[in-house]
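Encoded as structure tokens, the structure appears first; notes follow it.
Read-outs: derived from the displayed coordinates by stated rules, not from any lab. Computed from a predicted model, the values in this text were never measured in an experiment.
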Ligand SMILES: [Zn+2]
């Protein structure tokens, strides 16, 4: 966010793109690679704190399995909210720093039903 703010402050630009804005995936190929991420301690702790979810003390693989089964809807919604909040933050910085500039974002072109709902869940 600091780099984003600095770029808008230091250069006379008309707009900026978020290229690409999605979770880790390689979808521009015949068979998309969409690994489920991220289950690092920082991310899992943030999820637990922000969703007020009490998680058992498990290994990372076991936590990942739990998050993708019992807590899947909460996990997916939290991840979507995280990405949405980043866009809000970028928008806010742009509005404060260079309000006439445009903000664009690239998205995966899939529909909600492509790849069994991967647009939202992967
Ligand atoms: Zn992480």
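Listing for the model above:
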read-out	value
Angle in degrees between helix 72-97 and the longest Cα principal axis of the chain, rounded to the nearest 10	10
Theoretical gain in end-to-end length, residue 118 to residue 51 [0.36 nm per residue, Cα-Cα removed]	21.9 nm
Three-way shape label, the range 9-61, alpha-carbon gyration tensor, a/c 1.5	oblate
Computed [θ] at 222 nm, helices only, for the chain once each DSSP H run of length n ≥ 4 contributes -39500 (n - 2.57)	-14500 deg cm²/dmol
Along principal axes, Cα extents of the chain, largest first, whole Å	49, 36, 18
Cα Rg over Rh - the range 82-122, Kirkwood	1.15
